[in-house]
Amino acid sequence: MRRSCLTLLGLLCVETAWAGAPISGRDQQMVFPREPIQAVAARAYHQELASMAKRGELDLNPETLHRIRKICSQLIAQAIRIKPAAAAWPWEIHITSDPEVAAYSMGGGKLMISTHFIESYQLNDEELAVALAHEIGHIIAEHVREQVSMAALMNTSVPLHARKVADVINAMQSDISVYLRLQPLSRLQEMEADDIGIELAARAGISPAAVISFYSKLAKTDSGQSMFDTHGSITQRVKFVDSMANYAWPVYEASRKAKPLPHYTFADASP
Ligand SMILES: [Zn+2]
């Protein structure tokens, strides 16, 4: 890590740090510390939960919620082994019946998946694990922090030390040029989340065959609403995950012989 500048009172401390993405080791430039990014994500996530609850679309099916938590608790245990700092993050997972939602994640361990998505693709537990492992991949690679960092570096009219997380996120949401310039990074991050997710799933004892079956289901029935809006061609994506899944077979075989890790326990309810 190298410190490039510090802010004056009242502004966020902005540092330039280089991180290595899990599994791939890809260099990531981070100009914001982890904490403010995670704080903004947690606030947005809890606002979203409140809004879903108000609309009667949050955690309506306790059995499904229990099923999802159980799957996630295995995957998060493996994620923490890869990224030990993630043990201190307050991981949360909820389900929604909002048909506009598929699955998404936010920085610091926040996850959401819709019952509509699970039902429309008729996902079994292993396929669900693949979907959730992809989202957990985004989280442990700190993709949001990297996106916000890249967006901050694009705005040269404001000195780096004076840029605040909230302003940068606002620009990402309202400025089409920022959005477009982030697309190459977004696509790279999606492939990386696939890669990390496949590895995580294999380590958690999920067969790589489930990877092929999950992505093939998406490819067959993809009609606009998917996890892959920023991912380019689904056909290319299936080819990519197919080759990644081949590398995961030895990891999966080893996981079947290894002693299972203790499951992660969610703070708000046990799985
Ligand atoms: Zn993704």
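The values are calculated or read from the model by the stated rules, or taken from the named source; none is laboratory data. A quick note: this is a predicted structure, and the numbers were derived from the prediction, not measured. Note that we place each Cβ from the backbone using ideal geometry, even for glycine, and neighbour counts take in every protein chain shown.
Key figures
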| item | result |
| --- | --- |
| Flag for Leu65 being free of Cβ contacts under 8 Å to residues at least 60 places away in the same chain and either closer than 23 Å to Gln189 by Cα or part of a helix (DSSP H, G or I) (or both) | yes |
| Residue tally, condition modelled with pLDDT of 80 or more and over 21 Å from the mean Cα position of the chain (by Cα), over region 152-170 | 4 |
| Test: residue in region 119-133 that is part of a loop (DSSP other than H, G, I, E, B) and buried (at least 23 other Cβ atoms within 10 Å of the Cβ) | no |
| Extreme residue, modelled with the lowest pLDDT, among residues of region 225-269 that are within 23 Å of Ile95 (Cα to Cα) and either more than 16 Å from the ligand (Cβ to nearest atom) or in a helix (DSSP H, G or I) (or both) | Ala269 |
| Residue within region 72-90 that is within 16 Å of the ligand (Cβ to nearest atom) and without any contact (Cβ under 8 Å) to a residue 60 or more places away in the chain present | no |
| Filter result for Ile136 (touching a Lys or Arg at 6+ places or on another chain (Cβ under 7 Å), under 15 Å from Pro22 (Cα atoms) and within 14 Å of the ligand (Cβ to nearest atom)) | no |
| When residues of region 181-197 are limited to those that are within 13 Å of the ligand (Cβ to nearest atom) and among the hydrophobic types (A, V, I, L, M, F, W, C), the one nearest to the chain's Cα centre (by Cα) | Ala193 |
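Residue-wise test of (1) under 28 Å from Ile212 (Cβ atoms); (2) of a type outside the set (A, V, I, L, M, F, W, C); (3) modelled with pLDDT under 95; (4) more than 16 Å from the ligand (Cβ to nearest atom).
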site: Met52; (1), (2), (3), (4): no, no, no, yes
site: Leu60; (1), (2), (3), (4): no, no, no, yes
site: Met112; (1), (2), (3), (4): yes, no, no, no
site: Thr115; (1), (2), (3), (4): yes, yes, no, yes
